[in-house]
Amino acid sequence: MHYFSRKPEGELRIYKFSIHIRGISLKLVSASGVFSARRVDLGTKVLLENMIVKDYWHILDLGCGYGVIGLVAAKLAPHGFVVMTDINKRAIKLARINAKLNKIKNVEIRHGDLYEPVKGEIFDTIISNPPQAAGMRIIKRLIEESVNYLKEGGLLQLVARHNKGGKRMFNLMEQVFEDTYILGGRGGYRVYIARK
């Protein structure tokens, strides 16, 4: 069973936990059939610790899962707006529950594949912990198509294990964008930034 499928199958198990990061505390509800269901994974934590988010920004959390990245971004940009998307219907349901649970109103959660739910919109930043298990073809589309959804000067921010696909992902970013760099990392994970 894959967390990046439209409708995860199998027994539904609910998990509850909280995260405290960058001065923000969130209570989270998760469930089987979504990525890193029992706790916030290290890659996501590294991205949360390092991601660049400014107030008043229009932000896209691509492949939002149960919503932790988009919700932290919404708290970091109280006058900004975050669109969160995922192909997984269970993830969408959980992200909506978590937005409500944490009383976060400057978000909108939409169902769909990659950029399909945000056609015609542009963002100051696109942030994602991309589904590497979905394969390089999906990662390639995510990177190549991002330029159509970023403002001039906008940032694509991704995280991956540097020695497990991250290096390849960064090379792809370098082919598409002139301005790329590695922002930070730990535990083998790096945050990769590309500026349009």
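Table for the structure above
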quantity	calculated
Residue check, residue 144 part of a helix (DSSP H, G or I) and either over 24 Å from residue 71 (Cβ atoms) or under 13 Å from the mean Cα position of the chain (by Cα) (or both)	yes
Residue under evaluation residue 137, criteria (1) part of a helix (DSSP H, G or I); (2) over 18 Å from the mean Cα position of the chain (by Cα); (3) without any contact (Cβ under 8 Å) to a residue 24 or more places away in the chain, criterion not met	(2)
Some residue of region 74-87 being among the hydroxyl-bearing types (Ser, Thr, Tyr), at pLDDT 95 or above and either surrounded by fewer than 20 Cβ atoms within 10 Å (Cβ to Cβ) or more than 21 Å from residue 150 (Cα to Cα) (or both)	no
Test: residue 90 is charged (D, E, K, R), touching a residue at least 60 places away in the same chain (Cβ under 8 Å) and either buried (at least 17 other Cβ atoms within 10 Å of the Cβ) or over 20 Å from residue 52 (Cα atoms) (or both)	yes
Residue in region 178-192 that is modelled with pLDDT of 95 or more, assigned to a helix (DSSP H, G or I) and of a type outside the set (D, E, K, R) present	no
Residue selected from region 163-182 under the condition buried (at least 16 other Cβ atoms within 10 Å of the Cβ) and without any contact (Cβ under 8 Å) to a residue 24 or more places away in the chain, by the criterion farthest from the chain's Cα centre (by Cα)	180
Residue within region 150-158 that is surrounded by 14 or more Cβ atoms within 10 Å (Cβ to Cβ), farther than 16 Å from residue 46 by Cα, out of contact with any Phe, Trp or Tyr (no Cβ under 7 Å at 6 or more places or on another chain) and without any contact (Cβ under 8 Å) to a residue 60 or more places away in the chain present	no
Residue in region 104-114 that is within 30 Å of residue 178 (Cβ to Cβ), buried (at least 16 other Cβ atoms within 10 Å of the Cβ) and touching a residue at least 12 places away in the same chain (Cβ under 8 Å) present	yes
Filtered residues of region 36-48 (kept if of a type outside the set (Gly, Ala, Ser) and either within 15 Å of residue 71 (Cβ to Cβ) or free of Cβ contacts under 8 Å to residues at least 40 places away in the same chain (or both))	38, 39, 40, 44, 45, 47, 48
Pick from region 1-58, criterion of a type in the set (Phe, Trp, Tyr) and surrounded by 12 or more Cβ atoms within 10 Å (Cβ to Cβ), ranking: modelled with the lowest pLDDT	3
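The values are calculated or read from the model by the stated rules, or taken from the named source; none is laboratory data. Since the structure is predicted, the reported quantities are computational estimates derived from the model, not experimental observations. Using ideal geometry, Cβ is built from the backbone for each residue, glycine included, and neighbour counts are taken over all protein chains shown.
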